[in-house]
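Encoded as structure tokens, the structure appears first; notes follow it.
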Amino acid sequence: MKFIKVESYDILSEKAAEIIADVVKNKPDCVLGLATGSSPLGTYAKLVEMNKAGEIDFSAAKSVNLDEYLGLDGECDQSYRYFMDTNLFSKINIDRKNTNVPSGINPDTEAECRRYEELIDSLGGIDIQLLGIGLDGHIGFNEPDSVFTGPTHIVDLDESTIAANARFFESEKDVPKKAITMGMRGIMQAKKVLLIANGKKKLEVVEKAIYGSITPALPASILQLHPDVTVIYSEN
Ligand code: F6R
């Protein structure tokens, strides 16, 4: 595992974008595993700049996102589908048909989990998975638990996750309590993993994930078992 500490969020974003851009350049029809939240916003902005400058071409690329809130339609501006459309897909030359986010509104949640799992397989797995990390050590929405869950599944969000994500909603009570998330199988089978985290309050969880025991109580610790992980951290 490579652990890179950088001076600023801008440098973190630049480096993360370069790593993703290299994957796209080497394999134009790659499968990008993508994340939402605040951490990747700078990376996405850099990828947009590179795409506009003609340095990378997403026309053959495909994507699978990690997660979605249950109950939110993709048109809803707090949904992760909307986040991805707004912050990345509408600004680069990826074909929207090739972008995938789990559905938060399929009433048959089990079927949706199966569909998403089969989709990841049918794409041939993920070439690079971008991850943020929650203060409780979650990746995707794989919350602390007594076991690591492999396939895409439905989760109850932790109180700390709901509180942390309340900033995107009118109030904490509006944050959905459940989500659908890619499980550890999709993440661990990705050829490369890139985890980005910024801010002093994330340092402790990042260090525990990298150097602490491997335990489902801190889901990101499973990444110690992956052969190609880069973690980029900046204090700002
Ligand atoms: C988002 C996701 C989450 C976030 C994590 C950190 O798709 O899967 O695991 O990466 O909650 O969120 P931020 O970056 O907002 O601190």
In whole percent, how big is the carbon plus sulfur part of the accessible area of the chain, probe 1.4 Å, protein atoms only?
51
All alpha-carbon distances of region 84-127, grouped into 5 Å bins from 0, give the whole-percent distribution 5, 18, 23, 20, 21, 10, 2
Hey, got the dipole for the chain? About the Cα centre, +1 on K and R Cβ, -1 on D and E Cβ, debye to the nearest 20?
540
Quickly estimate the mean residue ellipticity at 222 nm for the chain, helices only: each DSSP H run with n ≥ 4 gives -39500 (n - 2.57), and the total goes over all residues, rounded to 500.
-9500 deg cm²/dmol
For region 83-236, the fraction of alpha-carbon pairs in successive 10 Å shells from zero, as %
10, 36, 40, 13, 0
Counting only residues 5 or more apart in sequence or on a different chain, those whose built amide H sits under 5 Å from that of LEU195 are LEU131, THR230, VAL231, ILE232
How large is ³J(HN,Hα) for each residue in region 182-190, as worked out from phi by the Karplus curve 6.51 cos²θ - 1.76 cosθ + 1.60 (θ = phi - 60°), to whole Hz, x for Gly and Pro?
4, x, 6, 4, x, 5, 6, 8, 4
Taking the radius of gyration and the Kirkwood hydrodynamic radius from Cα positions alone, what is the Rg/Rh ratio for region 105-153, to two decimal places?
1.00
Taking +1 at the Cβ of each Lys and Arg and -1 at the Cβ of each Asp and Glu, which of PRO216, PHE169, ILE232 sits farthest along the dipole of region 128-236 towards its positive end, judged by Cα position relative to the Cα centre?
ILE232
Just going by the charge dipole of the chain, with Lys and Arg at +1 and Asp and Glu at -1 on Cβ, which of GLY124, ALA21, LEU70 is farthest out on the positive end?
ALA21
The answer for the longest stretch of the chain without any exposed GluC sites (Glu not before Pro) (DSSP loop, at most 10 further Cβ atoms within 10 Å) is 76-169
Under a 1.4 Å probe, what is the accessible area of the chain per residue, stated in Å²?
45
In the P(r) worked out for region 1-93, what percent of Cα pairs fall beyond 21 Å?
34
Unit charges on C-beta of K, R, D, E only; dipole of region 131-236, Debye
320
How much of the DSSP bridge set in the chain is antiparallel, in percent, rounded to the nearest 5?
25
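The values are calculated or read from the model by the stated rules, or taken from the named source; none is laboratory data. Here the structure is a predicted model, which means the values were calculated and not measured. Every residue, glycine among them, receives a Cβ derived from its backbone with ideal geometry; neighbour counts consider all protein chains shown. Note: areas computed on protein heavy atoms with side chains; ligands, DNA, RNA excluded. Shrake-Rupley method; radii C 1.70, N 1.55, O 1.52, S 1.80 Å.
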